[in-house]
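Undergrad: Encoded as structure tokens, here's the structure I'll be asking about.
The values are calculated or read from the model by the stated rules, or taken from the named source; none is laboratory data. Since the structure is predicted, the reported quantities are computational estimates derived from the model, not experimental observations. Cβ atoms come from the backbone with ideal geometry, glycine included; neighbour counts cover every protein chain shown. These area figures cover heavy atoms from the full protein model, side chains too; ligands, DNA and RNA do not enter into them. Shrake-Rupley method; radii C 1.70, N 1.55, O 1.52, S 1.80 Å.
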Amino acid sequence: MIEALGASFIYGSALAFGLVVGSFLNVVAHRLPLGESVVSPRSRCPGCDNPIAAWDNLPLLSYLLLAGRCRNCGQRISLRYPAVELVTGLLFVAMAWQFGPTLLAPVFMLFSAALLVGGLIDFDHQIIPDEISLGGLVVGLVAVPLVHSLDSDTAYASALGWSVLGAALGGGLLWSVGFLHARLAVALGRSFAHWPGEGEALPTPREADYWLWFPGLGLGDVKFLAMIGAFLGPWG
């Protein structure tokens, strides 16, 4: 009975926390690519531009109570908003189930949130902001080895090496694809409207673009997979 109550509390808390974070991810996915603050001003209805009251902004619950419409103007609220909240909540429950009441659970909740919001922004704008990929990479290289060393007998240096190797393998594999494709395209005389651009010369090995600018792959993908590798290690 006590164990069941403990599990219910853990999973319920994870779900509630995930719903709240999911609501915030909706804001991040909308504002971050536009260069807007993700903390102010308050969320507004895109139809009537009125600020959304706190009691109308309860994750998932408000959408159901309002029947999916704005209280002021009646415009339909996109189903994506409650869907992101629910998916985030379920992801957090999955992390709680996978890692239990350990420090790894919140770290990988953050990881799952980064994957979700990165995917949403990539779907909408075909970019992955550095705040997510590089910020997540730093968290993966710092927090994951530290937590592994605290929660197990793994030495910090060993755990750090595992994360670094994962990041190098993840980002390095995609970078290699982009780099080799660029070199092959040049050797075969292929041309691209966007690369290097009308009237521009191909980058040379002495230029950073030679190593970082490719016709078929954006560096956002490289950095994103490096972040994933930092959290999951080379095998993951």
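Undergrad: Ranked highest first by average number of other Cβ atoms within 10 Å, how do 113-125, 58-70 line up?
TA: Working: 113-125: 18.5, 58-70: 15.8.
Those peptides, ordered most packed to least, come out 113-125, 58-70.
Undergrad: Summarise the accessible area of region 1-80 (1.4 Å probe, protein heavy atoms) by the percent that is carbon and sulfur.
TA: Roughly 66 percent, rounded to a whole number.
Undergrad: Got a number for the accessible area of VAL139? Probe 1.4 Å, square angstrom, nearest 10.
TA: Rounded to the nearest 10, that gives 50 Å².
Undergrad: For the chain, list the DSSP H helices whose alpha carbon atoms reach 24 Å or more along the long axis and whose average Kyte-Doolittle value is 0.5 or above? Intermediate results must be reported in sequence, preceding the final value.
TA: On the way: long enough: 2-31 (43 Å, 1.28); 80-99 (28 Å, 1.02); 104-125 (31 Å, 1.55); 130-151 (29 Å, 1.28); 156-187 (45 Å, 1.22).
Span-like helices here: 2-31, 80-99, 104-125, 130-151, 156-187.
Undergrad: Here's a follow-up. Starting from the alpha-carbon convex hull of region 125-173, give the projected area averaged over all orientations, in nm².
TA: Working: hull surface 15.5 nm².
Quarter of the Cα hull surface area: 3.9 nm².
Undergrad: So, one more: Remind me, relative contact order of the chain in percent, using alpha carbon pairs under 8 angstrom and six or more residues apart?
TA: 20
Undergrad: Another question, then. State the Kirkwood hydrodynamic radius of region 1-116 in Å, one decimal place, computed from all pairs of distinct Cα atoms.
TA: Values: mean 1/r = 0.0655 Å⁻¹.
After inverting the mean inverse Cα-Cα distance, the result is 15.3 Å.
Undergrad: With no solvent and one point per C-alpha, what does the Debye sum give as log10 I(q)/I(0) for region 81-135 at q = 0.19, 0.25, 0.29 Å⁻¹?
TA: Taking Cα atoms of region 81-135 as identical point scatterers yields -0.69, -0.96, -1.08.
Undergrad: What is the list of residues in region 77-101 whose amide nitrogen lies under 14 Å from a point 7 angstrom out from the Cα of ALA7, following Cα to Cβ?
TA: Label zone hits: 94, 96-101.
Undergrad: Also, I was wondering about something else. Sequence-distant or interchain residues sharing an amide H contact under 5 Å with ILE127, placed H: which?
TA: Close amide H contacts, sequence-distant or interchain: ASP122.
Undergrad: Here are several values of Kirkwood radius over Cα pairs in Å: (1) 19.5; (2) 17.9; (3) 20.4. Which one was derived from the coordinates shown?
TA: Comparing each candidate, only (3) matches the computed number.
Undergrad: Go through 8-19, 162-173 and give me the packing order, highest mean Cβ count within 10 Å leading. Working shown, then result.
TA: Working: 8-19: 16.4, 162-173: 19.7.
For the peptides 8-19, 162-173, the packing ranking is 162-173, 8-19.
Undergrad: How many Å² of accessible area per residue for region 108-174, probe 1.4 Å? Kindly include the intermediate steps, with their values, before the conclusion.
TA: On the way: 3290 Å² over 67 residues.
Heavy-atom SASA per residue in region 108-174 reads 49 Å².
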